[in-house]
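Worksheet: one structure, shown below.
The values are calculated or read from the model by the stated rules, or taken from the named source; none is laboratory data. Treat the numbers as computed from the prediction; the structure is a model and nothing was measured. All Cβ positions, even for glycine, are placed from backbone atoms using ideal geometry, and neighbour counts span all protein chains on display.
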Amino acid sequence: MTGAVAILRPQDGGRMPARRFVGFMRVLRDNGFPVGLRETIDGLRVARQADLARREPLRWALRSLLCASRTDWRRFNEIFDLYWRGHGQLRAAQVSGHSSRTAPPERSDSEGRAGPTFGTDPGQDAEAEGGEGRRSGASSAESLAATDLRHINDAGELARINDLTERLASRMKYRLTRRERQRRRGRRLDLRKVIHRSIRFGGTPMQLAYRMRWPKPLRLVVILDASGSMSLYSTFFVRFIRGVLDNFREAEAFVFHTRLIHISAAMRERDTEKALERMALMAAGWAGGTRIGDSLAAFNRNYAASVINSRTAVMIVSDGYDTGAPEILNAEMARLKRRAKRIVWLNPMLGWRDYAPVAQGMAAALPHVDLFAPAHNLESLAALEPYLAKL
Amino acid sequence: MGTGMALGREEVLKRLGAVGYVADPQLATAIVLMQQLARPLLIEGEAGVGKTEVAKALAAVFAAPLIRLQCYEGLDANAAVYEWDYQRQLLAIKIWESEDRTAEEKERHIFDEDFLLKRPLLKAITMDKPPVLLVDEIDRADEEFEAYLLEVLSDFQISIPELGTVTATAIPYVVLTSNSTRELSDALRRRCLYHYVDLPSEAKELRIVAARLPGIEGALAAQVVRFVQALRKEDLRKKPGVAETLDWAAALMGLGVKDLREEPEALHESLMCLLKTQEDQAAVPIEVVERLAGKAG
């Protein structure tokens, strides 16, 4: 599509010019709409039936046909107006429905299309905190940080660790399902099936059928602290999250710092490097302070209802240094606890000798946590497995 | 469908209005496209915005029967598609035992369509006249079922091992609703037309109240709607939907309330129609009720 965009007029012969329409489809595709050849054909068919003298009926019809999600639905009108009313200024450009918070422009395939969903966060308090917000524990963190995972500097070592993490996540899921099945092997007769089978034998139950409760997949929601004090671990946990998302059938991931971002879609990017890049872009521009309480509040308000069900475990990975009020954190944890089956809090600092959860935030959150465990190296993550299997 | 019998947008709007459903042209267009393209309509929106109502109104518009399939976790083919009537089959076997028939004949008799219990999906495609099939809360069903449903919705045929393939005699108007407790597959989303239902604006909600509760006085209706609209702006766990507004308005009529500002006590007590968690009820004490009622007046 070049810049030659004309306004659609009734004198176009009452027929939608196919070229114009294909251009519109391309703009939609560039904006992450799941439209392919099939949609183009149907769309053209609909457009040619529409009364071209009026634009609204065309808008209504195409909106129904071409949107596939709430995000599409919200952005469609803007894109439609820009394209059909534009005076050539719109090319295959990104139309941003969420100002600067839209996903990075490199995504062009359908895989990345869920990108804008993270923009539904109503922009809590995204203001940078400046120097004032720095955590009180930072200095001790720095002195202690001379151990464990943060050692890994050279690229080969890093890649090895990353592989291991992803493998671990997949093994965790495998173990989960297998154990579930063994535990629940109830030898109950499936009466419906027994009767069905016996019909073949004139009503005599020759072949019995048993009912085995099918293991239901556990859903895992990971909420990762990406603040400065955690930055040494962030890459490591991002890898872990990727492994989790790839291997659990139902998993969602969020990162927070001063506010919460839904990163599942970005993390599902096939290419690991790209995924990290996208995630870095999303998190870029944040500064100072960790608002765990506010981030959890945003989670409870905007996402909890849709991502948490009766068999969801929530895994929070954070050092618990909260610059917000501990009361907020406490209240939000209580709220979260009411919804989620289990809350696991992984604290990398717990692995350090002499660490006690004295951070105010940590103390506020602890009463609501089912498992508080260290996660400073791979062994500590692996040690979680038996616990997670019991969920 | 798609046989030139399709209703136009204006006609759909008119008929929706006649059955008490306040619709916008966007939704009416989607319904027209449902007929033209023979595609299902996927409706999303927050709980309580009236997604299910769309299917009911649609049944009235097409004067078609409504078949409802409520999805839940673990929904299987036995509950959604068909099941054999085992008891009757067993009885038939006993009765035919003494009869001098070949085994094949007996088998054919037992697996006759008479013994087939049709569940919603099978029922919907074997009717004489296209019904409206409401697949409610599809996000609650398992992914396997979603995939199966997608197959049925594209081929409109169901295969039954003992009987063969059943091909649709009528292609139903399919409405799916989702509360997005689970992300639906891209394939299903692309197969469907899409409509998102927002909580209504004040003017629209007022029209809905007037349409559904014809007996209500205009002044009270306006107050009720303004009150609920303001209440939705409070920090609540579960925002009251349109159904709640209607319940509450009906309750107030029943209590004989004429003006919201006059009886804050009764008002506060009747709020259980709107606020359905203990937490939300605690978040809206009587002072807040008075403030909102004052503004609504």
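Numerical summary
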{"read-out": "Residues of region B:53-81 classified as more than 30 Å from B:Arg15 (Cβ to Cβ) and surrounded by fewer than 18 Cβ atoms within 10 Å (Cβ to Cβ), total", "value": "7"}
{"read-out": "Boolean, A:Val35 is at pLDDT 85 or above and outside any helix (DSSP H, G or I)", "value": "yes"}
{"read-out": "Matching residues, region B:58-73, being aromatic (Phe, Trp, Tyr) and within 14 Å of chain A (Cβ to nearest Cβ)", "value": "B:Tyr72"}
{"read-out": "Qualifying residue in region B:196-206 (condition: under 26 Å from A:Pro34 (Cα atoms) and in contact with a helix residue (DSSP H, G or I) (Cβ under 7 Å, 6 or more places away or on another chain))", "value": "yes"}
{"read-out": "Helices (runs of 4 or more DSSP H) (entirely within region A:282-391) containing at least 2 residues that are under 30 Å from B:Ile138 (Cβ atoms), of a type in the set (Lys, Arg) and at pLDDT 70 or above", "value": "A:326-339"}
{"read-out": "Condition check for B:Ile110: among the aliphatic types (A, V, I, L, M), outside the structural domain of B:Ser180 (by TED's automatic domain parsing) and out of contact with any Ser or Thr (no Cβ under 9 Å at 6 or more places or on another chain)", "value": "yes"}
{"read-out": "Answer residue from region A:189-206, given it is touching a strand residue (DSSP E or B) at 6+ places or on another chain (Cβ under 7 Å) and not in a helix (DSSP H, G or I) and is farthest from the other protein chains (Cβ to nearest Cβ) among those", "value": "A:Leu189"}
{"read-out": "Contacts under 6 angstrom Cβ, first residue in region B:91-103 being assigned by TED's automatic domain parsing to the domain that holds B:Asp114, partner surrounded by 13 or more Cβ atoms within 10 Å (Cβ to Cβ) and hydrophobic (A, V, I, L, M, F, W, C), 6 or more apart", "value": "B:Ala92/B:Ile110"}
{"read-out": "Single match in B:Trp84, B:Trp96 (criterion: within 29 Å of A:Ser198 (Cα to Cα) and crowded, with 20+ Cβ neighbours inside 10 Å)", "value": "B:Trp84"}
{"read-out": "Of the criteria (1) away from chain A (no Cβ under 14 Å); (2) assigned to a helix (DSSP H, G or I), which one B:Arg261 fails", "value": "(2)"}
{"read-out": "Which listed residue is surrounded by fewer than 20 Cβ atoms within 10 Å (Cβ to Cβ), assigned to a helix (DSSP H, G or I) and either within 13 Å of chain A (Cβ to nearest Cβ) or in contact with an Asp or Glu (Cβ under 9 Å, 6 or more places away or on another chain) (or both), from B:Ala210, B:Ala219", "value": "B:Ala219"}
{"read-out": "Residues located in region B:58-72, provided they are touching a residue at least 24 places away in the same chain (Cβ under 8 Å) and not in a helix (DSSP H, G or I)", "value": "B:Phe62, B:Ala64, B:Pro65, B:Leu66, B:Ile67, B:Arg68, B:Leu69, B:Gln70, B:Cys71, B:Tyr72"}
{"read-out": "Subset of region A:57-71 (residues that are more than 15 Å from A:Phe21 (Cβ to Cβ) and more than 7 Å from chain B (Cβ to nearest Cβ))", "value": "A:Thr71"}
{"read-out": "All positions within region A:309-327 that are in contact with a Leu (Cβ under 8 Å, 6 or more places away or on another chain) and within 14 Å of chain B (Cβ to nearest Cβ)", "value": "A:Arg311, A:Thr312"}
{"read-out": "Those residues of region B:32-57 which are more than 9 Å from every other protein chain (Cβ to nearest Cβ) and not in a loop (DSSP other than H, G, I, E, B), in sequence order", "value": "B:Gln35, B:Ile43, B:Lys51, B:Thr52, B:Glu53, B:Val54, B:Ala55, B:Lys56, B:Ala57"}
{"read-out": "Output for region B:115-136, where each listed residue is closer than 15 Å to B:Cys192 by Cβ and either charged (D, E, K, R) or without any contact (Cβ under 8 Å) to a residue 24 or more places away in the chain (or both)", "value": "B:Asp136"}
{"read-out": "Region B:80-128, residues that are charged (D, E, K, R), over 34 Å from the mean Cα position of the chain (by Cα) and away from chain A (no Cβ under 11 Å)", "value": "B:Glu99, B:Asp100, B:Arg101, B:Glu104, B:Glu105, B:Arg108"}
{"read-out": "Entirely in region B:154-205, the strands (runs of 3 or more DSSP E) that have 3 or more residues that are away from chain A (no Cβ under 12 Å) and without any contact (Cβ under 8 Å) to a residue 60 or more places away in the chain", "value": "B:164-167"}
{"read-out": "Residue that is surrounded by the most Cβ atoms within 10 Å (Cβ to Cβ), among those in region A:19-53 that are more than 11 Å from every other protein chain (Cβ to nearest Cβ) and basic (Lys, Arg)", "value": "A:Arg29"}
